[in-house]
Amino acid sequence: MKKKNILLTGSDGRIGTFLKKKLKNEYNLINADIKNGTIINQDFLRKVFQKKIYAVILCHGKNTTPLKNKKNTNDIDLDLIRSYFETNLFLSLEIISYYLKYNKRGRIINLSSIYGVKSPKHFIYRSFSKEIGYSLSKSASNMMTKFLGTKYSKNFLFNSIVLGGVEQPNLNNFFLKNYNLNNPTGRTMKLHEIFPTISYLLDVNNTYTNSQEIVVDGGWLSW
């Protein structure tokens, strides 16, 4: 059987790299990333979507991570906020517009964040703040999937996966300790724990999950 085509954006990032390995045997992956200029190239997008694309996984994004010795502030910097929206919302909308134009049906999986649903708990950081542009743009991307999922529901499924913090090396110890204390599981998410929800949303038998925020956060949002 011929493999279905999937466009994976943010394919060179931490989560994207993991998904490439997990999906490559079952699907024909078209990998795209901001770093190599592919998903910001309109000719590339036109060429991609003239193929039959089974699904688009929006895994790209602008973010900041509380690593050891990293400091920043949470000032209201309008230019910085705009840059978050350019990457986390407008680029996604551009990709989706090509998908809707050239394909008759499909499914979009948007990787979002708990900080697009609730404000960060600022007290878990020290000498570092999650920037307001991140939360605003992720919140907007959640509404994007709800709006488009209800508008194009006859032929397209739109869903957001709301992720909690993902484990990675060199996280700031103060942040990690406090994040764990505020999560019912007492830890950050392991990469492999993202995949079951991706697999479910890609399943051909899943034809009725639409316009949802599916939370994978260890219970963070329940406290």
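Quick notes on this one:
- Over all other residues within a Cβ to Cβ distance under 11 Å of residue 133, the charged ones net out to -1, with Lys and Arg as +1 and Asp and Glu as -1.
- Share of carbon and sulfur in the accessible heavy-atom surface of the chain [1.4 Å probe, %]: 52 percent
- Accessible area per residue was computed with a 1.4 Å probe on protein heavy atoms; residue 222 scores about 100 Å².
- Relative contact order for the chain: 20 percent, from Cα pairs under 8 Å spaced at least 6 residues apart, divided by residue count.
- Per-residue ³J(HN,Hα) for the stretch 206-219, Karplus 6.51 cos²θ - 1.76 cosθ + 1.60, θ = phi - 60°, Hz, x for Gly and Pro: 8, 10, 10, 8, 8, 6, 10, 9, 9, 8, 10, 9, x, x
- Among the lysines of the stretch 95-149, pairs that are 8 or more positions apart or on different chains and have alpha carbons within less than 22 Å of each other number 9.
- Cα gyration tensor of the chain - equivalent ellipsoid semi-axes, whole Å, descending: 29, 19, 17
- The local environment of residue 115, defined by Cβ-Cβ distances under 9 Å, has a net charge of +3 under the rule Lys, Arg +1 and Asp, Glu -1.
- Separation of the stretch 100-150 and the stretch 156-180, taken as the distance between their Cα centroids, equals 13 angstrom.
- Extension gain, residue 72 to residue 180, is 36.7 nm, computed as 0.36 nm per intervening residue step minus the present C-alpha separation.
- Potential lengthening between residue 65 and residue 195 on full extension [0.36 nm per residue; Cα-Cα distance subtracted]: 44.7 nm
- Stretching residue 81 away from residue 94 to a fully extended chain increases their span by 2.8 nm, per 0.36 nm per residue minus the current alpha-carbon distance.
- Between amide H atoms placed 1.01 Å from N, distances below 5 Å from residue 113 occur with 163, all of them 5 or more places distant or on a separate chain.
- Rough spin-label spacing in nm, given labels placed 7 Å along Cα→Cβ, for residue 46 and residue 146: 3.5 nm
- Stokes-Einstein diffusion for the stretch 79-164 at 4 °C, viscosity 1.567 mPa s, with a Kirkwood radius from C-alpha pairs, works out to 94 µm²/s.
- The chain - mean residue ellipticity at 222 nm from DSSP helices (-39,500 (n - 2.57) per run, n ≥ 4, rounded to 500): -10000 deg cm²/dmol
- Sequence of 119, 113 when ordered by accessible area, the most exposed leading, probe 1.4 angstrom: 119, 113
- Relative packing of peptides 137-144, 29-36, 56-63 - highest average C-beta neighbours within 10 Å first: 56-63, 137-144, 29-36
- Hull-based mean projected area of the stretch 1-105, where the convex hull spans the alpha carbons, in square nanometres: 8.2 nm²
- Here the stretch 131-220 has an Rg and Dmax of 15.5, 47 Å, counting Cα atoms alone.
- Note that the stretch 85-94 has calculated 3J(HN,Hα) couplings of 5, 4, 7, 7, 10, 5, 5, 4, 5, 5 Hz, one per residue in order, obtained from phi through the Karplus relation 6.51 cos²θ - 1.76 cosθ + 1.60 (θ = phi - 60°); glycine and proline are x.
- Amide H to amide H distances under 5 Å link residue 212 with 160, where only residues 5 or more positions off or on other chains count and H is placed in the peptide plane.
- Counted by Cβ distance under 10 Å from residue 158, the other residues give a net charge of +3, where Lys and Arg count +1 and Asp and Glu count -1.
- Calculated from backbone phi, Karplus (6.51, -1.76, 1.60) coupling profile of the stretch 135-150 in Hz, x at Gly/Pro: 5, 4, 6, 5, 4, 5, 5, 5, 5, 4, 5, 5, 4, 6, x, 6
- Solvent-accessible area per residue, Å², over the chain with all protein chains present [probe radius 1.4 Å]: 52 Å²
The values are calculated or read from the model by the stated rules, or taken from the named source; none is laboratory data. All values derive from a computational prediction rather than experimental measurement. In this analysis, Cβ positions are derived from the backbone assuming ideal geometry, glycine residues included, and neighbour counts consider all displayed protein chains. Please note that ligands, DNA and RNA were not included when accessible areas were found on the heavy atoms of the full protein model with its side chains. Shrake-Rupley method; radii C 1.70, N 1.55, O 1.52, S 1.80 Å.
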